[in-house]
Ligand code: MLT
């Protein structure tokens with residue numbers, strides 16, 4: 001007789017997923033917003049929560065992609081799989097020239113891997129690192145993806161009530177330390193740094209970044225440097241790339257994205273730099289370069305970004321494209337200024353928003369981050385991101401994104417002043 005269905009053997013799951021606390025931050029926000037709008041369908045919400053761009057793509061990118069679509073319709077110019085999923089040479093050459101060599105950084109096209117996003121790359125990089133062996137350091141608050149993917153990979157223990165996972169070194173960044181992480185007191189192997197920072201909007205100065213590079217060289221640690229927001233740097237003394245620091249090629253991977261500068265959040269294109277000189281240690285103690293490991297992973301698990309999209313990304317480096325990207329970034333930075341100054345006028349402590357598209361504020365009246373979220377939603381019809389969603393040290397803070405239309409930002413400032421003033 002057949003066994004009843006509930007007794008058949010089932011595939012075993014990755015139990016690490018059961019350790020994840022609550023949902024990923026942004027789905028949790030959507031859940032609350034959905035519940036609110038179901039109850040109040042007329043509410044005209046302004047969303048300054050997720051850092052998603054709102055303005056149309058640069059015209060140069062549109063024209064290049066349109067042209068690429070036409071090429072795909074003609075036998076002679078049609079493209080199928082790429083020879084190598086690392087990305088087309090013409091795009092990687094433009095990246096190396098404009099984003100690195102122009103800033104004096106020694107990065108070659110061959111060290112650049114074009115991908116569909118920095119979120120995926122910062123997550124997937126764990127594929128080429130040992131599981132359960134590395135001591136991981138993150139700032140607190142932090143972009144949740146860095147932590148959650150380490151939980152999924154089995155690099156952590158369980159979470160405590162504050163949401164901190166055992167085995168992870170958290171480096172608090174608060175107003176008290178000027179949002180600058182202190183070097184860890186116990187040695188760590190892998191360090192995630194994001195500058196300009198999501199969520200605090202703070203950017204690491206050359207001196208501070210150099211301290212991290214020195215630390216990594218001394219302790220033979222790997223820095224995973226997320227520079228997705230580098231286009232928003234307005235202070236000329238702040239490095240755009242970690243490779244502007246001497247010695248970084250031996251200790252750092254850098255992640256870059258077209259999402260926030262050229263507005264590609266829905267278009268999808270990014271890249272990761274793995275210098276040839278960067279190495280890790282194998283179980284037998286030998287030193288192994290990371291570049292061939294990542295190349296192997298990339299070619300096995302990924303078929304590359306589409307030709308059409310890579311042409312669009314390439315166009316962001318044309319002179320028209322660069323001008324249009326500067327205008328887009330300038331538009332969002334002006335939004336950031338309006339938000340920052342509007343909040344300061346009502347006595348709120350505001351950080352970020354100068355070299356980053358994020359405003360990080362202290363919740364008024366000592367409210368918890370989620371209580372302030374609910375108050376803004378209910379009384380102001382405004383959606384932001386609770387600081388505690390980015391980590392325990394983010395409690396009592398709140399993030400606003402400057403990615404929105406001017407009209408919405410102006411209205412948001414008025415509503416904010418009404419509700420929180
Ligand atoms: C955010 O709001 O933090 C962004 O959406 C991050 C991202 O680009 O994934």
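A short reminder: the numbers here are calculations on the coordinates, not readings from a lab. For clarity, every value in this text was computed on a predicted model and none was experimentally measured. Note that each Cβ is placed from the backbone with ideal geometry, even for glycine, and that neighbours are counted across all protein chains shown.
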When ranked by the protection proxy of mean other Cβ atoms within 10 Å per residue, highest first, what sequence do the peptides 106-115, 184-193 form?
106-115, 184-193
Taking the simple approach of a point 7 Å from Cα along Cα-to-Cβ for both residue 13 and residue 415, what is their distance in nm?
3.6 nm
Once residue 66 and residue 284 are pulled to full extension, the length gained, defined as 0.36 nm per residue separation minus their Cα-Cα distance, is 73.4 nm
Taking 230, 254 and counting other C-beta atoms within 10 Å, the order from fewest to most:
230, 254
What fraction of the DSSP beta bridges in the chain is antiparallel, stated in percent and rounded to the nearest 5?
55 percent
Over region 252-299, what is the mean sequence separation of C-alpha contacts under 8 Å (at least six apart), divided by residue count, expressed as relative contact order in percent?
28 percent
Take the alpha carbon atoms of region 137-206, find their center, do the same for region 352-421, and report the distance between the two centers in whole angstrom.
22 Å
Listed with the fewest Cβ neighbours within 10 Å leading, 372, 302, 258 appear as 302, 372, 258
Each label point is 7 Å from the Cα along the Cα-to-Cβ direction; what then is the distance between the points at residue 182 and residue 106, in nm?
3.5 nm
Tell me whether region 173-251 comes out rounded, prolate or oblate; compute the Cα gyration tensor, take square roots of the eigenvalues as a ≥ b ≥ c, and use a/c under 1.5 as the rounded threshold.
oblate
Compute the distance in nm between two label points, each set 7 Å from the Cα along the Cα-to-Cβ direction, one at residue 43 and one at residue 349.
2.8 nm
Sorting 72, 152, 10, 65 on the 10 Å Cβ count, fewest up front, what's the list?
10, 72, 152, 65
At a Förster radius of 30 Å, what calculated FRET efficiency corresponds to the Cβ-Cβ distance of residue 75 and residue 297, to the nearest 0.05?
0.35
Theoretical ellipticity at 222 nm over the chain - DSSP helices of four or more residues, -39500 (n - 2.57) apiece, nearest 500:
-10500 deg cm²/dmol
